[in-house]
């Protein structure tokens, strides 16, 4: 009788400051777009699971909101707690920083990793942006002296350089155990969530600096018909002035947002999409625990 090979599976929390590239790495590692990516901080608002199955190994990635201890709004405090809580749930922490930059926010996260007493891999992202590559080695040596990392992986999430190196590094530290998900599954998130993410990405990419933090998206209705899916989505803002910005003159901004989101969704879901967007003002939603729970941006218990 042939010997059954042992499987390995573990939860890996992706943590870091806002805009260090956590979600870009998640999407690249999974091989499909699961969550919104923009240049604006706090694009990620939920814990998002991505599943990478290679042979007898399954790496379950937990993408978390960027940790920013300087922001005091309720939503930002909730996002920080969501990210820190993921440290305690993880078998391995994937601590992501930018090449050549280690700031107070990074030091804060490193202390949280120490407090959680979890093994960690340091990912030094955006190496493609470093003009003088001779500065990388001293930077990596300085980081290695700050914590007993399982490994340090320099890479570029944007280009994919050394992405396989990171996947192999994580696989080497997964605990023995059965798979948590079907090997063909890429995420625990339903299609509705991915639709909300694509709409929100289209919003964030086209709006100014203030409005994105006061914008949320919720799919209200979803109907699959032969050859086409009808989606009705609600865009929440906090003030009438923001509603005007989102809609735009003659409805042109909302039309552009809808077109961009629809095109992404048709590519992702592989079918024709009929998307209808509605904008509604709900004052102070980002400061309301009820509204945050309803939008899935839940405060950890």
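Okay, residues lined up against (1) surrounded by 20 or more Cβ atoms within 10 Å (Cβ to Cβ); (2) at pLDDT below 70; (3) outside the structural domain of residue 28 (by TED's automatic domain parsing):
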position	(1), (2), (3)
69	no, yes, no
77	no, yes, no
95	yes, no, no
119	no, no, no
122	yes, no, no
Worksheet item: Of the residues in region 47-67, how many are modelled with pLDDT of 80 or more and part of a loop (DSSP other than H, G, I, E, B)?
Response: 2
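When residues of region 248-270 are filtered for being in contact with a helix residue (DSSP H, G or I) (Cβ under 7 Å, 6 or more places away or on another chain) and closer than 21 Å to residue 197 by Cβ, how many remain?
The total comes to 10.
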Discussion item. Part of a helix (DSSP H, G or I) and closer than 30 Å to residue 274 by Cβ: is that true of residue 143 in this structure?
Written reply: no
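Conditions (1) surrounded by 20 or more Cβ atoms within 10 Å (Cβ to Cβ); (2) touching a strand residue (DSSP E or B) at 6+ places or on another chain (Cβ under 9 Å); (3) touching a residue at least 60 places away in the same chain (Cβ under 8 Å), marked per residue:
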{"position": "138", "(1), (2), (3)": "no, no, no"}
{"position": "154", "(1), (2), (3)": "yes, yes, no"}
{"position": "157", "(1), (2), (3)": "yes, yes, yes"}
{"position": "171", "(1), (2), (3)": "no, yes, yes"}
{"position": "175", "(1), (2), (3)": "no, yes, yes"}
{"position": "197", "(1), (2), (3)": "yes, yes, yes"}
{"position": "203", "(1), (2), (3)": "yes, yes, no"}
{"position": "231", "(1), (2), (3)": "yes, yes, no"}
{"position": "235", "(1), (2), (3)": "yes, yes, no"}
Response to the item:
Filtering region 11-46 down to residues that are in contact with a helix residue (DSSP H, G or I) (Cβ under 8 Å, 6 or more places away or on another chain) and modelled with pLDDT of 85 or more yields 11, 12, 13, 14, 15, 16, 17, 25, 28, 29
Worksheet entry | Any hit, region 205-226, residues being in contact with a helix residue (DSSP H, G or I) (Cβ under 9 Å, 6 or more places away or on another chain) and modelled with pLDDT of 90 or more | yes
Response to the item:
Selection over region 105-138 where residues are over 25 Å from residue 63 (Cβ atoms) and not in a loop (DSSP other than H, G, I, E, B) yields a count of 6
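The values are calculated or read from the model by the stated rules, or taken from the named source; none is laboratory data. Quantities reported herein were computed from a predicted structural model and do not represent experimental measurements. Positions of Cβ are backbone-derived with ideal geometry, glycine not excepted, and every protein chain shown enters the neighbour counts.
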